[in-house]
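Participant: The structure's right below; bear with me while I get my questions together.
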Amino acid sequence: MPKPTSWPTYSVSGVKIAALSPQHAAQLIAARRVREVHLCTTHTLSEVDRDPKLRSALTLSDMNLPDGAPIAWLGRRSGVRTVVRGSDLVLDVMRAGNSQGLSHYLYGGAPGIADRMKDCLEQKVHGVKVVGTECPPYRELDDGEVAALGRRITSSGAAVAWIGLGTPKQDHLVHRLAPYTEATLVPVGAAFDFLSGNVKQAPPWLHGSGWEWLYRLIREPKRLWRRYLIGGPRFVIAGCWHARRRKAKQA
């Protein structure tokens, strides 16, 4: 069953999205008010009708955040003013939790990326506590490995574990991992590359404009063309279908 929330939500493609500012979302995560968080892009929500496990993960999540301009635009009537970007969320949570000694675990990226991310974060957020880093294997973890990962996160003392595998792999893992650790789990995908300096982010003036995807596509066309040129239209079609279905039920 979906978990009750104390904040407003709105529906996109049949998924409840939290109508929260980036600052409010960061404060809730830093205060340990949520345990399973997902950042929803158009790519994420274009996959939910084809991936029952992904829809289940998002339905049972404590909080789904609008990580993409179209998702944020659809929440304007609910009070959403801007997107919640993964890399910004990492920094906001670390700054918000620093006075409490909040500790963090980094699981994701190619070999060496999590360690480089740790070094960069320690320069950006003075005094931040990163208590563990791991590079995941290039395959799905079996149940025993998921449980072992949960134990490693717990034994590290981390309050928040940031997962960077890409959608939907990271969303699947967060949902499978949640029963094995009390840490708050947040999948942030490309934030590992951005915050490690491995990939250059779009300039700030593009953030929330709806055109950040084009900047990323130009820089990484071989990896991202399918996500944006196929996933984007699929998201629009699915969104229209769900909107019509919702109206029909209300009639």
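Quick note: the coordinates plus some simple rules give every number you see, no bench work behind them. Every value quoted in this text rests on a predicted model; they were computed, and no experiment measured them. Note that each Cβ is placed from the backbone with ideal geometry, even for glycine, and that neighbours are counted across all protein chains shown.
Participant: Pairs of alpha-carbon atoms within less than 8 angstrom and 6+ residues apart define the contacts here; what relative contact order does region 13-83 have, in percent? Mind showing how you got there, number by number?
Facilitator: Details: 85 pairs, mean separation 30.3, N = 71.
Once divided by the residue count of region 13-83, the mean separation gives 43 percent.
Participant: For region 21-129, what class follows from the C-alpha gyration tensor (a ≥ b ≥ c being the square roots of its eigenvalues): rounded when a/c is under 1.5, otherwise prolate if a/b is larger than b/c, else oblate?
Facilitator: Numbers: a/c = 1.92, a/b = 1.46, b/c = 1.31.
Here region 21-129 falls in the prolate category.
Participant: Anything over 30 Å Cα to Cα? Flag those among LYS16/LYS129; LYS124/LYS169; LYS16/LYS169, in the order listed. Each step should come with its number before you reach the end.
Facilitator: Details: LYS16/LYS129 32 Å; LYS124/LYS169 28 Å; LYS16/LYS169 20 Å.
LYS16/LYS129, as the Cα separations exceed 30 Å there.
Participant: Continuing with the same structure: Write down the Kirkwood hydrodynamic radius of region 43-98, to one decimal in angstroms, obtained as one divided by the mean of 1/r over all alpha carbon pairs. Please list the in-between numbers first.
Facilitator: Values: mean 1/r = 0.0779 Å⁻¹.
Radius from the Kirkwood sum: 12.8 Å.
Participant: What distance in nm separates the simple spin-label points at ARG81 and VAL199, each placed 7 Å from Cα in the Cβ direction?
Facilitator: Result for the modelled spin labels: 2.9 nm.
Participant: Could you tell me which chymotrypsin sites (Phe, Trp or Tyr not before Pro) in region 124-212 are loop residues by DSSP with no more than 11 other beta carbons within 10 angstrom of their beta carbon? Please report the intermediate quantities before stating the final value.
Facilitator: Details: sites: TYR138, TRP162, TYR180, PHE192, PHE194, TRP205, TRP211; in loops: TYR138, TRP211.
Passing sites in region 124-212 are TYR138.
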